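Scroll down for the structure; my scribbles are underneath it.
The values are calculated or read from the model by the stated rules, or taken from the named source; none is laboratory data. What you see is a predicted model; the values in this text were computed from it and never measured. Every residue, glycine as well, gets a Cβ built from its backbone with ideal geometry; the counts of neighbours run over all protein chains shown. When the accessible area is computed, the model is the full protein with side chains, heavy atoms only, and any ligands, DNA or RNA have been set aside. Shrake-Rupley method; radii C 1.70, N 1.55, O 1.52, S 1.80 Å.
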Amino acid sequence: MLKKILIISFFSLILRWQSWGLPLNRDEGAYAYMATRFFDSDFVLYKDAFEHKPPGIHLLYWIGFQIFGESQLSVRILSFINSVVSTLIIINILEIVKVKKKFLLVGFYMLMANSFVLEGLVANTEMFMVTFLMLSLLLVIQKRLYVLAGFLAGFSFLIKPIAFTNIGVLVILLIFLKSKLLAFAKFGAGLAVPVAAVIIYFYFRGAWGAFWESVVVFNRIYVSSGIENVVDKVGLVGIVTRGNLLMNMLLVSALVLGFVYRKKLNNQRIFFLLWLAAYWIAAKLTSRDVLHYYFPIISAGVLVFGVFWQERQAPKIFFVNIFIFLSLWGYLWFINPRSAYTKTFGSTVRYAYEGREIGFEIKERTSKEDLIFLWIDEPEILFYSNRNSTSRHLNTFGTLIPVQLEVLKNGLSKKPKVMVTYGGQEEKWFLEFLSENKYKIESKYSIARIYWREQ
């Protein structure tokens, strides 16, 4: 096992060479900011700071910060460790299904999971969710430690709620394995523990209402608005057919294998096809084509190849995937990190780079007690500056919830030391505040305007 860990770690380090200096993006910045305050006596997540993700990801970041320190590098180390662990789990699952050439599949997984193509180099929720789900899957396949398997599945749900689709497939697997009622009971008990712990924790911290509003109400609005918006633009067919090319490669490969060998479908193959389908359904639920939403499909696609590997066409289709992947995206490992990230994510990558610069500048020019008002969706500014917001809103996301826009605007009454907005997108009420108070405007950044309160 030690030899495997060392080999995987070595090659992962090489593949991830571009990741170590990457600035935190919007999502990572929010998680990092929350994690630095997660167990402070005067801070309660959701009540004192709006966030629409359950607390699993913040807890993981907090653990990383306790071990490696509160820094950008700690987030990248946490992501690296997660990648190594997920690779080890893939190896163990492939060994169970008795794949002879598993090193090819593992190598393919490492290439895809440690690249920019589906944002594998960042530390977003999907990257951690899939690791906990796969570890739960491994334990269920091994028919042992059902309570722990359920706990891991429950924790994956607390990292990202869309894990429920694959948790449902895990229940189906228990049926395929003809598990006894006791196995279901143990799995269900383990599943309930982390969820119950979160409910109890926020109830006794007096933040249950804020938790419900932020995680349940907001996400309901987020999903429904996304579906309505996309249906209007591309229709239901467009929602199903559009997506990243790498994702489509793996999905089409799975469909081809399932169809060609439909007469040889056994419970094992049916299960792994369902596992892949569940990830795809989860990614499509919000109807938004965000790259990291599709990251879990990488691991599921590799597992599908594994259970079909002994069939004649499977290795051929596999090598076609490798050829396409390396032909289209192989060059990304040989260019500078910012260019590679921009090639896959788009021009908004500059927000992360400039957000880091803005955060460091604010830290240098303010004291720790000074407050920041953000009319910009870049909470990483708060993490890098180690300063607090004038309200519970770290960005404008939460203003979709009724009356929360007023909560954000009321933060102006605290006379923030510095305010940051997207350049040219200031609202009328914001401009009125500027005219009534003395702020010096700086426009040296391409993404934002900064307003410093004059003494």
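General observations
- List Asp377, Asp42, Asp48, ordered by accessible area with a 1.4 Å probe, largest first: Asp42, Asp48, Asp377
- Residue-count net charge about Phe151 - beta-carbon cut-off 14 Å; Lys, Arg +1, Asp, Glu -1: +2
- Estimated dipole of the stretch 1-243 in Debye, rounded to 20 [Cβ of Lys and Arg +1, of Asp and Glu -1, Cα centre]: 1260 debye
- Label-to-label distance, nm, for residues given as Val223 and Val260 (7 Å Cα→Cβ offset): 3.6 nm
- The packing ranking of peptides 410-417, 110-117, 269-276, highest mean first, is 110-117, 269-276, 410-417, where packing means the average number of other beta carbon atoms within 10 angstrom of each residue.
- Reachable aspartates and glutamates from Lys263, criterion Cα separation under 15 angstrom, eight or more residues apart if same chain: Glu311
- Efficiency of FRET from Cβ geometry, Val407 and Tyr201, R₀ 25 Å, rounded to 0.05: 0.60
- Inter-part distance where the stretch 421-453 and the stretch 320-385 are each reduced to a Cα centre, Å: 22 Å
- Take the Kirkwood radius over Cα pairs of the chain, plug it into Stokes-Einstein at 25 °C and 0.890 mPa s, and you get 105 µm²/s for translational diffusion.
- Heavy-atom accessible area order for Tyr331, Tyr451, Tyr261, largest first, 1.4 Å probe: Tyr331, Tyr261, Tyr451
- For the stretch 311-354, the square roots a ≥ b ≥ c of the C-alpha gyration tensor eigenvalues yield an a/c of 1.5 or more together with a/b exceeding b/c, which makes the shape prolate.
- In terms of its C-alpha gyration tensor, the stretch 1-243 has a rounded overall shape, because the principal axis ratio a/c (a ≥ b ≥ c, square roots of the eigenvalues) stays below 1.5.
- Rounded is the label for the stretch 347-453, because the ratio a/c of its alpha-carbon gyration tensor axes (a ≥ b ≥ c) stays below 1.5.
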